[in-house]
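Asker: Got a structure here, written out as structure tokens. Questions coming.
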Amino acid sequence: SKKMPVLLMEPWDFVSRLSQDLKPQRYHAGSSPLAKKLGTKVFSEKISLRDISYMPEKGRYHRFDGEGVLHHNPIIFDKGVFTNVLYDLRQAQKAGTVSTGNGRREFNSGASFNLFELGFTPGPDDI
């Protein structure tokens, strides 16, 4: 047996709060706590998190986003460092960059930002 630090929070609450803070419009408007923190450590170095759209072993089969852009399961936090702002086509154009494949289109609305599934990169220890 081994003692390990634990974050006690409902998973849906953590993901819900973080997904709002990852929206590119909030990031660039400065209303996200992550604003101006790209490249800085915001979590423990034991935390790595990516947006997963394609991982057959987990039942995720989306290679492209709703705008037809290839999605590469981008790493958002690597060893605690905020490494990537995610974009759909419209927000990428506003920011002068390229889409990360995070657009969503529905038949009754325009395009919008979309996270597929936030997934932690497994650490070295088994629980």
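Asker: Please give every one of the aspartates and glutamates within straight-line cross-link reach of K3, meaning a C-alpha to C-alpha distance under 20 Å, and leave out same-chain neighbours fewer than 8 residues apart.
Answerer: Straight-line reach from K3, under 20 Å: E45, D125, D126.
Asker: In the range 69-116, which trypsin sites (Lys or Arg not before Pro) fall in coil by DSSP and have 14 or fewer other Cβ atoms within 10 Å? Please report the intermediate quantities before stating the final value.
Answerer: On the way: sites: K79, R90, K94, R104, R105; in loops: K79.
The qualifying sites are K79.
Asker: Only Cα pairs under 8 Å and at least 6 apart count here; give the relative contact order of the chain as a rounded whole percent. Present the calculation step by step, with values, prior to reporting the outcome.
Answerer: Numbers: 215 pairs, mean separation 30.2, N = 127.
Rounded, it is 24 percent for the chain.
Asker: Another question, if that's okay. May I ask you to compute the full-extension gain from R63 to V42, defined as 0.36 nm times their residue separation minus their alpha-carbon distance, rounded to one decimal in nm?
Answerer: Values: separation 21, 0.36 × 21 = 7.56 nm, distance 2.88 nm.
4.7 nm is the gain from fully extending R63 to V42.
Asker: Treat every Asp and Glu Cβ in the range 17-61 as -1 and every Lys and Arg Cβ as +1, leave all other atoms uncharged, and give the resulting dipole magnitude about the Cα centre to the nearest 20 debye. Don't skip to the answer; put the middle values down first.
Answerer: Values: 10 positive and 4 negative charges, 24 e Å.
Value, rounded to 20: 120 debye.
Asker: What's the carbon and sulfur percent of the chain's accessible surface, probe 1.4 angstrom, rounded to a whole number? Numbers along the way, then the final one.
Answerer: Values: 4660 of 8590 Å².
It is 54 percent, rounded to a whole number.
Asker: In addition: Could you state the angle between the C-alpha long axis of helix 11-21 and the longest principal axis of the C-alpha atoms of the chain, as a value from 0 to 90 degrees rounded to the nearest 10?
Answerer: So the helix axis and the longest Cα principal axis differ by about 50 degrees.
Asker: With every protein chain left in place and a probe of 1.4 Å, what is the accessible surface of E57, to the nearest 10 Å²?
Answerer: 140 Å²
Asker: Could I ask something else about it? Give me the one-decimal nm value for the distance between modelled label points at Q25 and M55, 7 Å along each residue's Cα-to-Cβ direction.
Answerer: 2.8 nm
The values are calculated or read from the model by the stated rules, or taken from the named source; none is laboratory data. Only a predicted model underlies this, so the values are computations on that prediction, with no experimental measurement involved. FYI the Cβ positions are ideal-geometry reconstructions off the backbone, even for glycines, and counts take in every protein chain you see. With ligands, DNA and RNA removed, areas are computed over all heavy atoms of the protein, side chains included. Shrake-Rupley method; radii C 1.70, N 1.55, O 1.52, S 1.80 Å.
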